[in-house]
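Peer 1: My questions will all concern the structure given below.
Taken together, the values in this text are just the output of simple stated rules run on the coordinates, not laboratory data. Quick caveat: nothing in here was measured; it's all calculated off a predicted structure. Cβ: placed from backbone, ideal geometry, glycine included. Neighbour counts: every protein chain shown.
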Amino acid sequence: MKIGNLRSIPHVLIGMVAAMGIMLFAATPANAHPLWQTYSANSNWECGLSKNISISNSVVFQTCLITTPNKAKAQLVLVVSNRSTKAVQLRGGQFDSDLYGVADFNSDLGGGFCGSYTLAAGQARGCFGETVDYGCGVGQVHRGVLYANAADEDWTYPFSTDHYC
């Protein structure tokens with residue numbers, strides 16, 4: 001092997017390592033957690049009132065509390081239903097709840113964040129918060145916030161739950 005060829009070996013190795021790195025990162029999909037997901041409500045769901053988003057009477061949303069059958073764990077879900085004939089761009093969803101700290105009716109939210117999603121006409125999706133221990137308490141307040149299309153934030157109607165231990 002000639003000396004000129006030996007000099008190109010580091011460049012070839014660097015190129016191979018870079019290509020492997022690109023393949024590794026490309027193979028793992030980048031996604032936000034939690035994601036907007038399909039859902040199926042059951043008897044473990046307790047929901048607040050549904051509400052129209054501010055820019056459309058055909059898109060409704062609400063916050064629901066899901067508990068395990070033994071009431072030891074709970075999570076919130078922000079559900080959105082698009083009853084219009086046009087797609088809606090969901091820019092995000094999140095929660096303000098005693099379940100995830102203190103419901104203080106401002107924007108320092110917790111419990112997870114769902115990012116951007118295009119909600120097709122006739123489609124419904126849920127933004128699921130973290131599953132946490134369901135602490136004891138009376139009058140625990142839950143609500144969610146939704147960012148859709150170009151509108152400002154829209155808040156669900158707050159609702160409260162009691163969990164006697």
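Peer 1: What does the net charge come to around G115 if you take all other residues with beta carbon closer than 13 Å to its beta carbon, with K and R at +1 and D and E at -1?
Peer 2: On the way: positive: R91, R125; negative: none.
Summing Lys/Arg as +1 and Asp/Glu as -1 gives +2.
Peer 1: Quick check: pseudo-label points 7 Å beyond the Cα along Cα→Cβ at S50 and T68, how many nm apart are they?
Peer 2: 3.0 nm
Peer 1: Return the FRET efficiency for the residue pair E153, S40: r is the Cβ-Cβ distance, R0 is 25 Å, and the value is rounded to the nearest 0.05.
Peer 2: E(calc), rounded to 0.05, equals 0.40.
Peer 1: In region 36-163, if the dipole is taken from +1 on Lys/Arg beta carbons and -1 on Asp/Glu beta carbons about the Cα centre, which of G122, P69, S50 is farthest to the positive end?
Peer 2: Towards the positive end, the residue furthest out is G122.
Peer 1: Local charge sum around Q89 (other residues, Cβ-Cβ under 15 Å, Lys/Arg +1, Asp/Glu -1)?
Peer 2: 0
Peer 1: Right, next: Please express the shape of region 27-152 as an equivalent ellipsoid: the semi-axes are the square roots of 5 times the eigenvalues of the C-alpha gyration tensor, given largest first in whole angstrom.
Peer 2: After diagonalising the Cα gyration tensor, the semi-axes are 24, 16, 15 Å.
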